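Peer 1: Encoded as structure tokens, here's the structure I'll be asking about.
Please treat every number below as a calculation from the coordinates, not as lab data. Not measured: the values here are computed from a predicted model. Note that each Cβ is placed from the backbone with ideal geometry, even for glycine, and that neighbours are counted across all protein chains shown.
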Amino acid sequence: MIKICPSCSRIDERMLATKLSNEEIELGCIDHCGESAGKSFGLVNGILVVAEDEEAFVLEVLTRK
Ligand SMILES: [Zn+2]
């Protein structure tokens, strides 16, 4: 399960849903907003993953499986 914040994760949820179509994607604030400014981040199975951009985030998610 991936959770991203629609206002501060810097990840487009439609892009994520397209690239990771097998993943359940939840939207909501993840309590790390402001900490990782300028990066793309989200919770992957409850663990915070921070990447340089959304493409890098997708790669991170795929390598963690
Ligand atoms: Zn937020």
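Peer 1: Quick one: what are the phi-derived ³J(HN,Hα) couplings along region 52-58, Karplus 6.51/-1.76/1.60 with θ = phi - 60°, whole Hz, x for glycine and proline?
Peer 2: After applying 6.51 cos²θ - 1.76 cosθ + 1.60, I find 5, 8, 5, 5, 5, 5, 4 Hz.
Peer 1: Another question about this same structure. Before anything else, pin down the relative contact order of region 13-65: Cα pairs under 8 Å, at least 6 apart, normalised by residue count, whole percent.
Peer 2: Result for region 13-65 is 25 percent.
Peer 1: Semi-axes of the equivalent ellipsoid for region 2-63, please: Cα gyration tensor eigenvalues, times 5, square-rooted, ordered largest first, whole Å.
Peer 2: 16, 12, 11
Peer 1: So, one more: What value, in deg cm²/dmol to 500, does the helix sum -39500 (n - 2.57) over DSSP H runs of n ≥ 4 give at 222 nm once divided by the residues of the chain?
Peer 2: Taking each H run of at least 4 residues, the total per residue is -7000 deg cm²/dmol.
Peer 1: Note down the magnitude of the dipole of the chain about its Cα centre, charges +1 on Lys and Arg C-beta and -1 on Asp and Glu C-beta and zero elsewhere, to the nearest 20 debye.
Peer 2: So the magnitude is around 100 debye.
Peer 1: Take every DSSP beta bridge whose two residues both sit in the chain, then give the antiparallel share in percent to the nearest 5.
Peer 2: Once the DSSP bridges in the chain are tallied, antiparallel ones form about 70 percent.
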